[in-house]
1. Tell me which residues, restricted to the range 46-61, are open to solvent by less than 30 Å² (accessible area, probe 1.4 Å) and touching a helix residue (DSSP H, G or I) at 6+ places or on another chain (Cβ under 8 Å).
2. Can you find a residue that is in a strand (DSSP E or B), modelled with pLDDT under 95 and crowded, with 19+ Cβ neighbours inside 10 Å anywhere in the range 310-333?
3. Return the total of residues in the range 77-96 being modelled with pLDDT of 95 or more and closer than 25 Å to residue 203 by Cα.
4. Six or more apart or on different chains, Cβ atoms under 8 Å: show the pairs whose first residue is in the range 317-346 and without any contact (Cβ under 8 Å) to a residue 40 or more places away in the chain and more than 23 Å from residue 190 (Cβ to Cβ) and whose second is open to solvent by 10 Å² or more (accessible area, probe 1.4 Å) and aliphatic (A, V, I, L, M).
5. Taking residue 302 as meeting all but one of (1) at pLDDT below 80; (2) outside any loop (DSSP other than H, G, I, E, B); (3) open to solvent by less than 40 Å² (accessible area, probe 1.4 Å); (4) not hydrophobic (A, V, I, L, M, F, W, C), write down the number of the exception.
6. If residue 430 passes every condition in (1) in contact with a Cys (Cβ under 7 Å, 6 or more places away or on another chain); (2) closer than 22 Å to residue 102 by Cα but one, which one does it miss?
7. Taking residue 255, is it farther than 24 Å from residue 174 by Cα, open to solvent by less than 10 Å² (accessible area, probe 1.4 Å) and either assigned to a strand (DSSP E or B) or out of contact with any Cys (no Cβ under 9 Å at 6 or more places or on another chain) (or both)?
8. If you check 66, 116, 123, which single one turns out to be assigned by the TED database to the domain that holds residue 146 and either without any contact (Cβ under 8 Å) to a residue 24 or more places away in the chain or within 29 Å of residue 285 (Cα to Cα) (or both)?
Amino acid sequence: QVREWKNEGSKRYMCTGRPGWLTVSLRVGKYKKIHKNIMINLMDVLEVDSERQVVRVEPLVTMGQLTAHLNPMGWTIPVVPELDDLTVGGLIMGTGIESSSHIYGLFQHTCVAYELVLADGSLVRCSPTENSDLFYAVPWSCGTLGFLVAAEIKMIPAKKYVKIHYEPVRGLQKICEKFIEESKRKENSFVEGLVYSLDEAVIMTGVLTDEAEQSKINRIGNYYKPWFFKHVEKYLKADRTGTEYIPSRHYYHRHTRSIFWELQDIIPFGNNPIFRYLFGWMVPPKISLLKLTQGEAIRKLYEQHHVVQDMLVPMKSLEKSIQTFHVDLNVYPLWLCPFILPNNPGMVHPKGDEAELYVDIGAYGEPKRKQFEARASMRQMEKFVRSVHGFQMLYADCYMTREEFWDMFDGSLYHKLREQMNCKDAFPEVYDKICKAARH
């Protein structure tokens, strides 16, 4: 298809032909209508190499599919981002995170090689030792350097359960101290925080294990079970700690059934025990279905009165960041997920020369701030994130100017490669693909 595009005279930019409504991002890319759509129907797990401890997959393999494939073989991947429908391609070209990221980094940091079809129609493999510039430039590039056709991801041995400890914490300073302390402890397989108000949170730590006390097993993934964030909130309300054993796959996809807490805005009675018992098997609705059936008026309404954002900030700015989120958005719960950011080349790396501990703060829901105005409030948030050397996940609405965008991200390697590989006539720049200012 790429060679055909070349033969036709390379008249317009190329993009993947996957319809915008199928992606998990709430944004519907307008560029799909005007660019040359390249169909990439690659959705298979290609190879599980137990010796190298690597799994080779195609870009449309989903997280749900991958864990279902690997777990029975005794393997899993180090970072399993939350929602079942997230694809490997999306997690590499965008980014992905999970509560094990304080050990392994972002999803891209668990990948050992990529295979890409470039603008000239050639197939290239890149890794830290082979075409390394391209290997480091691909993550966050949103398909603007080439088409991903396969990826090799590290595997780790799977265990049956996650032994999870819930600890309610009150007071913002204490929440931050506790969260930072647990995030630094490598013996925690998983660390996660749910912040229910400015001074109330539950910090969860988990350890992978094959043994479990039968009476404490909680299969939270079963359709009739309470939504996970509501289950966690019980510990806060009762002001008590608790320990449970959750089957690993249920843990990995613990926020899937309620789309974190987005479903409470879509089906307000969804967590009602009677509804769960009778109709729980029907939810969650696919995000793609919601997007496909959503009219333009509802989409605009959603955009103005609803926030779905992940901001990645240095851990040392956690307290200041939560306060900023509170003032600018006032959305709860907030999701806290720690990750180690290595000092690799590419668009996203810490300010100094050393790897640094960061935290992903996820705000999903309806802002309770009185004068919330989507554009003004988000521009304020973005300015704050730039000031602390943080990054905004690119699946969400982004209101930055081009200068602000390249102030947040390091474009040096990216632009060098776009020049070298003649991408400028083949793919839009990443900013033009994702930013509101560029798309309208």
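The values are calculated or read from the model by the stated rules, or taken from the named source; none is laboratory data. The structure displayed is predicted, hence computed values, not measured ones. A quick note on method: Cβ atoms are made from the backbone with ideal geometry, for glycine too, and the neighbour counts reach across all protein chains shown. All accessible areas refer to the heavy atoms of the entire protein, side chains included, with ligands and DNA or RNA removed. Shrake-Rupley method; radii C 1.70, N 1.55, O 1.52, S 1.80 Å.
1. Step one: filter the range 46-61 for residues open to solvent by less than 30 Å² (accessible area, probe 1.4 Å), giving 54-55, 57-59, 61.
Passing the criteria: 55, 57, 58, 59, 61.
2. As a first pass, look at the range 310-333 and keep what is in a strand (DSSP E or B): 310-314.
From the residues that got through so far, the ones that are modelled with pLDDT under 95 too are 310.
With crowded, with 19+ Cβ neighbours inside 10 Å added as a condition, the list becomes 310.
Looking through the range 310-333, at least one residue is in a strand (DSSP E or B), modelled with pLDDT under 95 and crowded, with 19+ Cβ neighbours inside 10 Å.
3. So the answer is 3.
4. The qualifying pairs are 343/355.
5. Going through (1) at pLDDT below 80; (2) outside any loop (DSSP other than H, G, I, E, B); (3) open to solvent by less than 40 Å² (accessible area, probe 1.4 Å); (4) not hydrophobic (A, V, I, L, M, F, W, C) one by one, residue 302 breaks only (3).
6. Answer for residue 430: the failing condition is (2).
7. Working: farther than 24 Å from residue 174 by Cα: yes; open to solvent by less than 10 Å² (accessible area, probe 1.4 Å): yes; either assigned to a strand (DSSP E or B) or out of contact with any Cys (no Cβ under 9 Å at 6 or more places or on another chain) (or both): yes.
Yes; evaluated as a whole, the condition is true for this residue.
8. Details: 116 fails: either without any contact (Cβ under 8 Å) to a residue 24 or more places away in the chain or within 29 Å of residue 285 (Cα to Cα) (or both); 123 fails: either without any contact (Cβ under 8 Å) to a residue 24 or more places away in the chain or within 29 Å of residue 285 (Cα to Cα) (or both).
On inspection, the qualifying residue turns out to be 66.
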